[in-house]
Structure formats: structure tokens, C-alpha cells
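Okay, structure first, notes after.
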Amino acid sequence: MNYFLLIPSVIALDLILGEPKRYHPLVGFGYLADRFEQLFHRTQAKLPQFLLGSLAWIFLVIPLALLAYFLEQQLGLWFSALVGYLAIGANSLKAHALQIYHALQQDDLPQAREKVAYIVSRDTSELNEQEISRASVESVLENGSDAIFAALFWLIVAGAPGVVLYRLSNTLDAMWGYCNARYEYFGKFSARMDDVLNWIPARLTALSYVLMGKSLTAWLCWQQQARNWYSSNAGAVMASGAGALDVQLGGMARYHGKQKSRPILGTERPAEADDIQAAWDLVFRSLLLWAIITTVIGAVL
């Protein structure tokens, strides 16, 4: 397999086959991480929490990345393609987004609230159609970066060990990277590693949204609004995506029973159900862009 055909192959495998229905490696890794947390998270002191959380990350991630390196050396690019397929979640993201979209099309708010709860962390039990649409678009855009393009970037840059390092780090951030009493110090190392590994991919994703959407609006929103968001990585992705779709994101949202006022991103047009489909279409066009660029580079070289 030509190295630069790796990305189109991985994208095609995911879109055609979807995620494995059973025995997904990341599910098993999640169980392993839970056991490591029980083993390492045994103190309330801040510095020991940070150090133990750092050690837990190292013991969970580094050996598996090294194993991926060894297997890639033995099995070649076919192994890299398999790891890449298991690491990205384009098909899954599409399925979740369209389930919410179809529920809204049928005016089934309870079903839409149930489905959107699978992909967002905010309270969803009382969301109206516009709030469900906004939450869904935000999740599609951000997960497009975290679950798809960042994994593809590290697959290109460092092969199977790179994508394993990234995907496991991202999983630990999703499990431990919260700023609350339980995880603020234990999960800090995981959160910072995820920030570092996502810095370049997030900006490449934002650029992809610029190129594949309403380009001028997307660029201006990215440059003017991204810095206002809590995370510079997520801010770049969501501001660019909001501009590319000509929609407003951010604003009020309820988390754990409390209203939170978030910075406004994008334009003044409120989100609608059709924007969920449009958000997925933007991610898909960006996927095609990545596939075409890597294929052309491979043909030239």
C-alpha cells in the first residue's frame, strides 16, 4: 500500500464498515483506565494527585504506543490502516447526528433530547428544538476535530504509534480531564497532553472548515472569536465551523443543573435542525479534502 493512500483507505473503511459492534479496543481501554484510576487515585493532596495521574497516563499510553510501533514494523501499512480505522469515528458521528436530525424532523422532541444526550455533556431534559440543534452542531464540529481529523493527522505524521498515542490520550482526557474536585489535579496531565496533541490538528480542522464552507465568514469568525472560548483548540474549530455554516453557537447552556453563559461564536442566525445535517456535510467535505490532498501528494511523490 502506498503511504499516501493510507488516509483515503482509512476513511473509506470507516464510512463503509462503521465501528465494530463488539469488542472495540477503545472500550477495553476504558475499562483498563477505570482500573488504573482505582489503583492510582488514592489521595486528596494536590501534588500527589497530579503526579499519580501523570504516572497513570504514562503506564496506560506509552506501552501501547510502543506495542503499536513494534507491530507496525512487523506488519507494515496494513496494520496502520487497521489502527487508523479503529481510531476514527466518522461513521459513528454521522449516525448520531442524523438520529437527532430525523427526530427533530418528526417533531419528536423527547427522542431528540435522548439522542443528543449521547454526544453532549450538558443537561438535555428541557432543551427546545433550537437548543438541541445548537448543541448537536457544536458537538459535530468539535468531534470532527477530536475524533476524526486529529487521529488522521497523527496517523500521517507518526503512523500507528502516533495515532495510538493520540487516541488513548484523547480518551483519558474525556474520562479524567475535568476541572472538578475529583479530577482537577489527577486529570490535569491528561488534559494538558490532549491540548498539546490537538494544537496543530485543531487548526488544520478549522482551516478545512474555512475552505469547505462560507470561507470569508469562517475565517473572520476564527480570527475574531476563537480566543474568547475556554479552549483555544475548541475555539478555533467551533468559531470557524460556525462561520462556515453561517450559524450562531455558544450562548446559554445548562450543566449539572446550573446555567452557564458561554461566549457567542459565529453569526447571528439561530441554529435550526437542518444545520445538523449541514454540519455533518461540512465535516464530510473536509474529509474528502484530506483524502484528495494526501492522494495527490502520493501521486506526485
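Taken together, the values in this text are just the output of simple stated rules run on the coordinates, not laboratory data. Small disclaimer: the values here were computed from a predicted structure and weren't measured. Ideal geometry is used to build each Cβ from the backbone, glycine not excepted, and the neighbour counts take in all protein chains shown.
Remark: the Arg42-Gln224 segment gains 61.2 nm on full extension, using 0.36 nm per residue and subtracting the alpha carbon distance.
Can you check what the net charge comes to around Gly144, using other residues whose Cβ is under 12 Å from the Cβ of Gly144 (Lys, Arg +1; Asp, Glu -1)?
Its environment carries a net charge of -2.
Dividing the summed -39500 (n - 2.57) terms of all DSSP H runs of n ≥ 4 by the residue count of the chain sets its mean residue ellipticity at 222 nm at -24000 deg cm²/dmol. Here the extension length gained between Tyr118 and Val196 equals 25.5 nm, from 0.36 nm per residue of separation less the Cα-Cα distance. Here each label is just a point 7 Å from Cα along the line to Cβ, and for Leu216 and Arg182 those points are 4.9 nm apart. With the simple spin-label model, which puts each label point 7 Å out from Cα in the Cβ direction, the Glu129 to Ser232 separation comes to 4.0 nm. In terms of packing, defined here as the mean over residues of other Cβ atoms within 10 angstrom, the peptides 38-44, 197-203 line up highest first as 197-203, 38-44. Partners of Lys46 within straight-line reach, counting lysines whose Cα lies under 19 Å from its Cα and excluding those fewer than 8 residues away in the same chain: Lys188.
About the centre of its Cα atoms, the chain shows a dipole size close to 760 debye [charges on the beta carbon of Lys, Arg (+1) and Asp, Glu (-1) only; nearest 20 debye].
The alpha carbon convex hull volume per residue for the chain rounds to 134 Å³. At full extension, Leu51 and Asp281 could sit 78.6 nm farther apart than now, given 0.36 nm per residue minus the alpha carbon distance. The packing ranking of peptides 10-17, 254-261, 154-161, 51-58, highest mean first, is 154-161, 51-58, 10-17, 254-261, where packing means the average number of other beta carbon atoms within 10 angstrom of each residue. When peptides 129-136, 143-150 are sorted by average Cβ neighbour count within 10 Å, with the highest value leading, the order is 143-150, 129-136.
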